[in-house]
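Q: Attaching a single structure in structure tokens format; questions to follow.
The values are calculated or read from the model by the stated rules, or taken from the named source; none is laboratory data. Worth saying up front: this structure is predicted, and the values here are computed from it rather than measured. Don't worry about glycine lacking a Cβ; one is built from the backbone with ideal geometry, like all the others, and counts go over all protein chains shown. Ligands, DNA and RNA are excluded from the accessible area calculation, which covers all protein heavy atoms including side chains. Shrake-Rupley method; radii C 1.70, N 1.55, O 1.52, S 1.80 Å.
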Amino acid sequence: MNELKPLFDNIELTHRPMVIAGPCSAETEAQVLETAKSLAANDIKIFRAGVWKPRTKPGGFEGVGVEALGWMKKAKELTGVLTATEVATKAHVDAAIDGGIDLLWIGARTSANPFAMQEVADAIAARNSDIPVLVKNPVNPDLELWIGALERLYNAGIHRLGAIHRGFSAYGKHLYRNMPQWHIPIELRRRVPGLPIINDPSHIGGRRELIASISQQALDMGFDGFIIESHCDPDQAWSDKSQQVTPEVLDFILDTLVIRDQTSTTESLQQLRKQIDELDNELLEVLGKRMRVACEIGQYKKEHRMPVLQAGRYDDLMSNRVKSAEEMGMSPEFMRKILSAIHEESVRRQVEIVNRL
Ligand code: PEP
Ligand code: MN
């Protein structure tokens, strides 16, 4: 994916952090217009609303459908916001493009499904449309599936692409509705460097109180922006009510975020990084030496028919080292983890040596 285009040519829309905001679902014309007006008054430029809602179980509110596209068009005419909605099928793509939607996103359940992704990619390509498309991470923590979904769009000629990090499902009750697993979007950034990645703190947190802290973490990790659910009357929302905030609260949250400058690496930071590089080299040297000594011990044990594992020795070593680490200001858990990883590898190597013919 080395010929990606910016999501929009208008730099004002994409400067960091870009913000997409709006209700989980378009419910009524009045709700769409009122929310869009307040968001636009607070300087939000891209308005989101779900027109077709993928629900876990049947019987819930599944979205208003095409009628809501007319309300979004009206919101755009009245306030000047651009509009964004979720698509999952060819019929959605055609209706959204016909309805004048400016940005499409692919939901987490759809990006997990290669058949659906291919259908959506082909449908957009068939329209010869230059519309930007954002792909949410699949519900399961599978980076290859996420990249595969993006590649299906890219290969169909859709080059205004971006990713949305909305967290990953996990069984049981947790602090987050969807686990952030930050290392996955960070690895996506490494694998596809030119791809904008925005964060969806609403669906990660599942609770409005968590939006600010998740957003700050995302900014600190270099994310390019946000998609945040905002509703004129959140407690009455027809879907995802506990995670939505009013446009005024959203404005307050965005104001509290600290945007740290990523580009200026100062001289002293470079010096410190050099020290880290040197220390890591020293660590590697010492580790290598330790492994060689462990192997010599293995050889000795073999010649003297001694067992590899001597529990007493390991316990002594661990408690001494953990004590010293604590005196040096490191946490005992951290030292235990490191020592047990090193010990495990030494034992594995010694067992190999002892069993060698
Ligand atoms: C949404 O954005 O409202 C939505 C349905 O999100 P997700 O696909 O992340 O569950
Ligand atoms: Mn939602």
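Q: Where is the GNM fluctuation largest for the chain (alpha-carbon springs, 10 angstrom cutoff): A108, A170, A26?
A: A170
Q: Test of understanding: what is the full-extension gain from L279 to T56, defined as 0.36 nm times their sequence separation minus their Cα-Cα distance?
A: Values: separation 223, 0.36 × 223 = 80.28 nm, distance 5.00 nm.
Working it through step by step, the gained length comes to 75.3 nm.
Q: A further question on this structure: I need the calculated FRET efficiency for the pair F334 and R305, taking r as the beta carbon distance and R₀ as 22 Å, to the nearest 0.05. Display every interim value, and only then the final one.
A: On the way: r = 37 Å, r/R0 = 1.66.
FRET efficiency, F334 to R305: 0.05.
Q: Stretch Q270-F115 to full length: gain in nm at 0.36 nm per residue minus the Cα-Cα span?
A: My answer for the length gained is 51.1 nm.
Q: Additional query: What would the Debye formula give as log10 I(q)/I(0) at q = 0.18 Å⁻¹ for the alpha-carbon point model of region 18-260, no solvent?
A: Cα-only, vacuum Debye calculation for region 18-260: -1.53.
Q: Still on this model: If I model region 126-172 as equal point scatterers sitting on the Cα atoms and use the Debye formula, what is log10 I(q)/I(0) at q = 0.17 Å⁻¹?
A: The Debye formula, applied to the Cα set alone, gives -0.52.
Q: Checking the cross-link filter: which lysines have an alpha carbon closer than 19 Å to that of K302, excluding same-chain neighbours under 8 positions apart?
A: Qualifying lysines at Cα under 19 Å: none.
Q: Identify which of P54, P132, P332 has the largest mean-square fluctuation in a Gaussian network model of the chain, with springs joining Cα atoms closer than 10 Å.
A: P332
Q: Using θ = phi - 60° and the Karplus form 6.51 cos²θ - 1.76 cosθ + 1.60, what ³J(HN,Hα) does each residue of region 331-348 get, whole Hz, x for Gly and Pro?
A: Here the 3J(HN,Hα) series is 7, x, 4, 4, 5, 4, 4, 5, 5, 6, 5, 5, 5, 4, 5, 4, 4, 4 Hz.
Q: Considering the Cα trace of region 50-130, what is its radius of gyration and what is Dmax, both in angstroms?
A: Rg, Dmax (Cα atoms, Å): 12.9, 38.
Q: While we're on this one: Any of K53/K90; K136/K173; K53/K136; K53/K74; K53/K241 with alpha carbons more than 19 Å apart? Name them for me.
A: Details: K53/K90 15 Å; K136/K173 22 Å; K53/K136 14 Å; K53/K74 21 Å; K53/K241 14 Å.
Pairs exceeding 19 Å: K136/K173; K53/K74.
Q: Further, regarding this structure: For region 265-355, just say rounded, prolate or oblate: build the C-alpha gyration tensor, square-root its eigenvalues into a ≥ b ≥ c, call rounded for a/c under 1.5, and beyond that prolate if a/b exceeds b/c, oblate if not.
A: On the way: a/c = 3.74, a/b = 1.83, b/c = 2.05.
It is oblate, given that a/c is not under 1.5 and a/b is not larger than b/c.
Q: At 1.4 Å probe size, put D94, D316, D200 in order of accessible surface, largest to smallest.
A: Working: D94 35, D316 90, D200 0 Å².
Output order, biggest surface exposure first: D316, D94, D200.
Q: Further question: Would you work out what percent of the accessible area of region 312-357, with all protein chains in place, is carbon or sulfur (probe 1.4 Å)? Before the final figure, lay out each step's value.
A: Numbers: 1830 of 3400 Å².
Here it works out to 54 percent.
Q: Here's something else I'd like to know. Under the rule of -39500 (n - 2.57) per DSSP H run of 4 or more residues, summed and divided by the residues of the chain, what mean residue ellipticity at 222 nm is obtained, to the nearest 500 deg cm²/dmol?
A: Details: 14 runs with 181 residues, N = 357.
Mean residue ellipticity at 222 nm (helix-derived): -16000 deg cm²/dmol.
Q: Further question on the same structure: Top mean-square fluctuation among E62, E151, E285, Gaussian network model of the chain, C-alpha springs under 10 Å?
A: The residue that fluctuates most here is E285.
Q: Write down the accessible area per residue of the chain in Å², having rolled a 1.4 Å probe over the full set of protein chains. Intermediate values should be presented prior to the final figure.
A: On the way: 18890 Å² over 357 residues.
Dividing the accessible area of the chain by its residue count gives 53 Å².
Q: Quick one: divide the alpha-carbon radius of gyration of region 1-150 by 2.2 N^0.38 Å and tell me what you get.
A: Values: Rg = 15.2 Å, N = 150, 2.2 N^0.38 = 14.8 Å.
Expressed relative to 2.2 N^0.38 Å, the Cα Rg reads 1.03.
Q: Leaving ligands, DNA and RNA out of it, report the carbon-plus-sulfur percent of the accessible area of region 18-260 at a 1.4 Å probe.
A: Values: 5180 of 9750 Å².
Roughly 53 percent of what the probe reaches on region 18-260 is carbon or sulfur.
Q: Same structure again: K73: accessible area at probe 1.4 Å, nearest 10 Å²?
A: Surface open to solvent at K73 totals about 100 Å².
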